[in-house]
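Here's the structure, in structure tokens; my notes come after.
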Amino acid sequence: MGRIYEETWGRLFAAMYDRSLKATEEAGLRQMRRELLAGAGGRVVELGAGTGVNLDLYPDAVGDLVVVEPDPHMAKRLRGKLAGARRQATVVEAPAERLPFEDASFDTAVATLVLCTVPDPAAALAEAARVLKPGGRLLFVEHVRAQDPGLARWQDRLEKPWRFLGDGCHCNRDTVATIEASPLRLEEVERGRMPKAPPIVTPLVRGSATAPSP
């Protein structure tokens, strides 16, 4: 019964995803994505591509684009969006923690609002480091644990119900600390706010990290 319920909610969540983020995207998140992705180039892998919100935002400097999405309902919508997108991309259904690619095979990796949801973000970041060429960059925009202690406590209190409503999204993850502890080297991080979003997912970080040289 639980599996059937999760399957039904997963399908519904995928169907509602773009509509639920529409106001946030229009209020500034889409522009943040565009500015971040301006730094992408070469062969690019996007982790947890969801419904394909980023597809039309990649610059011409991107050659080959591979979009990875483990959820079959999201992947179905991603393929549908690709049919009308100006850019071609290869869809791969796989978890970010187990990328089916060779070592050092990408110039850029992208994670936007995904490290909050992957079951094991440390493993996902290790995989990003593995598939990136030495000096390759991870570009990220993520909502994170609040620096304000009061809001952080509310994130902890509401983490379980939010995780259910958000189909696995954790509102209280300290993603910057996880990146710092990964094989990647944090280059820069800018803190901001997710517009028109519930307070527990308002704290936002945007930045980049690089893969180590051998």
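No value in this document is a laboratory result; all are computed from the given coordinates. Here the structure is a predicted model, which is why all the values come from computation and not from measurement. Glycine also receives a Cβ, built like all others from the backbone with ideal geometry; neighbour counts cover every protein chain displayed.
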Hey, which lysines would be in cross-link range of Lys160, C-alpha to C-alpha under 28 Å, not counting anything within fewer than 8 residues on its own chain? Lys22, Lys76, Lys196
Residue (of Ala23, Thr90, Val131) at the positive-pole extreme of the stretch 9-143, dipole from beta-carbon charges: Ala23
Convex hull over the Cα atoms of the stretch 112-158, averaged projected area in nm²? 4.1
Projected-area mean, the chain, by convex hull of Cα positions, square nanometres: 11.3
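Express the relative contact order of the chain as a whole percentage, based on alpha carbon pairs under 8 Å and six or more residues apart in sequence.
Values: 422 pairs, mean separation 41.9, N = 214.
RCO, the chain: 20 percent.
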Dividing the alpha-carbon radius of gyration of the stretch 165-204 by 2.2 N^0.38 Å, where N counts its residues, gives 1.36
Taking the Cα atoms of the stretch 26-135 alone, what are Rg (to one decimal) and Dmax (as a whole number) in Å? 13.0, 38
Radius of gyration and Dmax for the stretch 111-214's Cα atoms, expressed in Å? 13.8, 43
